[in-house]
Amino acid sequence: MNVSMNVGADMDTGANRNTGANTAGTAAAPPAPPVPPEERPPGLLAPPGASGADPETAGFWEGVSRGQLKVQACATCGHLRFPPRPMCPWCRSFERTWEPVSGKGSIWSYVVPHPPLLPAYAVLAPYNVIVVSLVEDAAIRMVGNLVAGPGAEINSVDPAEIEIGQPVQVTFRDAGGVSMPAWMPSET
Ligand SMILES: [Zn+2]
């Protein structure tokens, strides 16, 4: 009894808006109309010029366009961070720069996507998606594909040969007119 009275009181006063919205507003709300592309939230790492491209990621793409992997760094405490964002999570500074990194890392995890797949990817299956941990900071992880070498397709590596912890080196490949980082096996 006490619980339901408290919930009712919160809803009446607006003190707990989330609870009120979830319990009272969801069922009756009409479906939201589609959001036009130009009004969608910024894409996390959408390339420059793409719908929803985020200017915060410009340094990343500037590096990629020149074949260089860059990671955002705090100009105050020096911590690297990825994905890029305006504020340092360690010291809360808004001062930031872009630092080139070696492009070396190791496979932290991977998946082999199974159907149903988008048509453009279905023709490439089986392919891999890997998560790479960078040597500069193991906490920085990037999602990409392991490929056999520069310019190779994302299905150029037999998924059965992929190993957790395997050293990799960044490379860059054309993905529909946009240069994208990918990863290839490395000795170190
Ligand atoms: Zn900082």
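Would you tally the net charge around P100, using a Cβ to Cβ cut-off of less than 13 Å, leaving P100 out, and scoring K and R as +1, D and E as -1?
Taking every other residue near P100 into account, the sum is 0.
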Taking H as built 1.01 Å from N, whose amide H comes closer than 5 Å to the amide H of Y110, not counting residues under 5 places away?
V131
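How much length is gained on full extension from Q68 to S186, taking 0.36 nm per residue of separation minus their Cα-Cα distance? Spell out each step's value before the answer.
Details: separation 118, 0.36 × 118 = 42.48 nm, distance 1.70 nm.
Difference between extended and current length: 40.8 nm.
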Amide hydrogen neighbours beyond the local backbone of F172, cut-off 5 Å, H modeled:
G151, A182
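What number comes out for the charge environment of P167, summing +1 per Lys or Arg and -1 per Asp or Glu over other residues with Cβ under 11 Å away?
-1
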So what are the ³J(HN,Hα) numbers for the range 100-114, from phi and the Karplus equation (6.51, -1.76, 1.60; θ = phi - 60°), rounded to whole Hz, Gly and Pro as x?
x, 10, 5, x, 9, x, 9, 6, 8, 6, 7, 9, 10, x, 10
Between the alpha-carbon centers of the range 77-136 and the range 143-158, tell me the distance in whole angstrom.
15 Å
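What is the extension gain from T76 to L124, computed as 0.36 nm multiplied by their sequence separation minus the C-alpha to C-alpha distance, in nm to one decimal? Could the numbers behind the result be given before it?
Numbers: separation 48, 0.36 × 48 = 17.28 nm, distance 4.40 nm.
Gain on stretching T76 to L124: 12.9 nm.
Bear in mind that the values in this text are calculations on the coordinates, not laboratory data. Computed from a prediction, not measured in an experiment: that's the story for all the values here. With ideal geometry, Cβ positions are generated from the backbone for all residues, glycine too; neighbour counts draw on all protein chains shown.
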